[in-house]
1. Anything in segment 46-55 that is more than 15 Å from S66 (Cβ to Cβ), assigned to a strand (DSSP E or B) and open to solvent by less than 10 Å² (accessible area, probe 1.4 Å)? List them, or say none.
2. Hey, can you tell me all the residues within segment 23-45 that are open to solvent by 20 Å² or more (accessible area, probe 1.4 Å) and in a loop (DSSP other than H, G, I, E, B)?
3. What are the residue pairs meeting all of these: first residue in segment 220-246, first residue over 19 Å from Q130 (Cβ atoms), second residue outside any loop (DSSP other than H, G, I, E, B) and open to solvent by 50 Å² or more (accessible area, probe 1.4 Å), Cβ atoms under 6 Å, and 6 or more apart or on different chains?
4. Return yes or no: is R242 under 24 Å from R57 (Cα atoms) and modelled with pLDDT of 95 or more?
5. Which one is surrounded by the fewest Cβ atoms within 10 Å (Cβ to Cβ), of the residues in segment 228-242 that are charged (D, E, K, R) and not in a loop (DSSP other than H, G, I, E, B)?
6. From V219, V201, grab the single residue that is of a type in the set (A, V, I, L, M), at pLDDT 95 or above and within 16 Å of the chain's Cα centre (by Cα).
7. Given the residues S209, S146, S203, which is the only one that is under 22 Å from V87 (Cα atoms) and among the hydroxyl-bearing types (S, T, Y)?
Amino acid sequence: MCGLLLLSTQAAALELQGPLTQGALIRGKVEPGSEVMMDDQPVKVSPQGHFVIGFGRDAKLEHRLSVKRGPHTQEHPIVLSSREYSVQRVEGVEQKYVSPPDEVLTRIRNDNQQIAAARATDSDRLDFLQSFIWPAEGPVSGVYGSQRVFNGVPKRPHFGLDVAGPVGTPVVAPADGIVTLYQPDMYYSGGTLIIDHGHGVSSTFIHLSKSFVREGEEVRQGEKIAEMGNTGRVTGPHLDWRINWFSERIDPQLLVPQRSSD
């Protein structure tokens, strides 16, 4: 984990690990028995005092984290650094994926509902405390936050980390967890797999050709879980890896060691 902010007061001690920037996942530690709030919203805290918070691509820069233990409450301002994102132009996308026909809109809504339900999982697992590893080998072909323009049509920003490679390239679990979703053929994302890492943190792997795990199965870091594919809205085989904290979309590249080719 990169970055360390240690705040200690008479009322409460707070430790934060991670870069204070837009798109970051921040792991925290407080004294057991403490309550944590961020921007007046309760944050789940484990019996050992561990918690996690996430900031999306365009998160506001100023936040307020409060820690309460017994009668004492300590306020901690959190100030994020802003980021600039590139524009990525992608040509050669099938037109049905740029402007989907009306007959597939119900299918797309159903896909989105399944994904949202899996990402809403709020388990007691503490796998998010691990140092994450890269889920696949290969060159980075797409980065988090970039504005996507498909066939000249502006679309939503890209919220994942793309790793290119041939169909069949192994995909491994970046951290321990439990499988909450696998669908082999979603409209946009093709083969789609989601792993819960606890406290609302999940990994999503899309465009897969094959999965070796099933819903409800526990996986370990480094275990082969799937193979890279060419399914859904793609112009070539690759893995799109995404990290969420509930509905907040996190930059996976902030969680893994920098590679010499990056």
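The values are calculated or read from the model by the stated rules, or taken from the named source; none is laboratory data. Predicted model, so just to flag it, every value in this text is computed and none were measured. Ideal geometry is used to build each Cβ from the backbone, glycine not excepted, and the neighbour counts take in all protein chains shown. Quick note on the areas: whole protein, heavy atoms, side chains included, nothing else; ligands and nucleic acids left out. Shrake-Rupley method; radii C 1.70, N 1.55, O 1.52, S 1.80 Å.
1. V52, G54
2. Within segment 23-45, E31, P32, G33, D39, D40, K44, V45 qualify.
3. E227/S209; E227/K210; G229/S209; H238/S141
4. It is true that R242 is under 24 Å from R57 (Cα atoms) and modelled with pLDDT of 95 or more.
5. Per the stated criteria, the residue is R242.
6. On the way: V219 fails: within 16 Å of the chain's Cα centre (by Cα).
It is V201.
7. Working: S209 fails: under 22 Å from V87 (Cα atoms); S203 fails: under 22 Å from V87 (Cα atoms).
On inspection, the qualifying residue turns out to be S146.
A quick yes/no check of all residues on (1) more than 21 Å from the chain's Cα centre (by Cα); (2) over 18 Å from E75 (Cα atoms); (3) modelled with pLDDT of 95 or more:
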{"residue": "A11", "(1), (2), (3)": "yes, no, no"}
{"residue": "L14", "(1), (2), (3)": "yes, no, no"}
{"residue": "G23", "(1), (2), (3)": "no, yes, yes"}
{"residue": "M38", "(1), (2), (3)": "no, no, yes"}
{"residue": "P42", "(1), (2), (3)": "no, no, yes"}
{"residue": "F51", "(1), (2), (3)": "no, no, yes"}
{"residue": "A59", "(1), (2), (3)": "no, yes, yes"}
